[in-house]
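See structure below.
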Amino acid sequence: MSPGKVSRRIAADRLAWIERMLEEINKLPLGSLETFLEDSRNVFTAESCLRTSLEALFDLGRHILAKRFGVGVTEYKEIAFELERQGILHADNAVLLKILAGYRNRMVHFYHEIKPKELYEICTRELKDVQEVKETLRNWINANPGHMDETL
């Protein structure tokens with residue numbers, strides 16, 4: 001795989017997906033666990049939006065690595081490691097992304113173990129982690145216009 005340019009269109013699309021999913025989570029009744037659990041659709045919405053935001057975050061990281069650095073990765077935790085190695089993420093953000101990778105894998109493979117209360121707690125306390133990594137990737141994209149492919 002040869003290094004090239006990152007598609008601004010793909011990057012913008014993945015960033016928009018993350019933002020939309022986080023906005024949808026924030027529209028849920030998160031004032032109390034009891035209110036959140038009153039409607040079972042809240043749990044399903046939270047799970048779907050959280051998982052989709054994580055998928056988009058990792059898709060963006062994988063795209064940057066493949067297109068800009070010619071690095072192919074298959075494992076989600078490896079994306080975090082490579083983004084740090086390439087200087088895109090600082091160590092603290094790489095640690096966050098590795099934790100998010102583990103949680104994404106848990107959501108996909110051990111979905112039956114994730115309880116509504118856990119989703120509620122993540123939605124009320126931990127979304128800042130997704131936001132922080134997303135902003136770090138956005139800042140890298142904005143700071144590197146010469147590495148962006150502007151064509152549609």
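Extension gain for Arg85-Ala16 works out to 22.3 nm (0.36 nm per residue, less the C-alpha to C-alpha distance). Each Lys and Arg contributes +1 and each Asp and Glu -1, all at the Cβ; summed about the Cα centre of segment 6-140, the dipole is approximately 520 debye. With the helix formula -39500 (n - 2.57) applied to DSSP H stretches of n ≥ 4, the chain reaches a computed 222 nm mean residue ellipticity of -24000 deg cm²/dmol.
Amide H to amide H distances under 5 Å link Met148 with Val6, where only residues 5 or more positions off or on other chains count and H is placed in the peptide plane. Annotation note: trypsin sites (Lys or Arg not before Pro) in segment 4-103 located in DSSP loop regions with a Cβ neighbour count of at most 14 within 10 Å are Lys5. Note on segment 1-74: Kirkwood radius taken over Cα pairs, Stokes-Einstein applied at 37 °C and 0.692 mPa s, translational D equal to 238 µm² s⁻¹.
Applying the criteria of a DSSP loop state and at most 12 other Cβ atoms within 10 Å to the trypsin sites (Lys or Arg not before Pro) of segment 114-152 yields no site.
Looking at segment 1-96, the GluC sites (Glu not before Pro) that sit in a DSSP loop and have at most 13 other Cβ atoms within 10 Å of their own Cβ are Glu38, Glu75. Shown in residue order for segment 120-137 are the 3J(HN,Hα) couplings computed by the Karplus curve 6.51 cos²θ - 1.76 cosθ + 1.60 at θ = phi - 60°: 4, 5, 5, 5, 9, 10, 10, 5, 4, 5, 4, 4, 5, 5, 4, 5, 5, 5 Hz (x for Gly and Pro).
We did not get these values from a lab; they are worked out from the coordinates using the rules stated. Since the structure is predicted, the reported quantities are computational estimates derived from the model, not experimental observations. Heads up, the Cβs are rebuilt from the backbone with ideal geometry, glycines too, and the neighbour counts pull from every protein chain shown.
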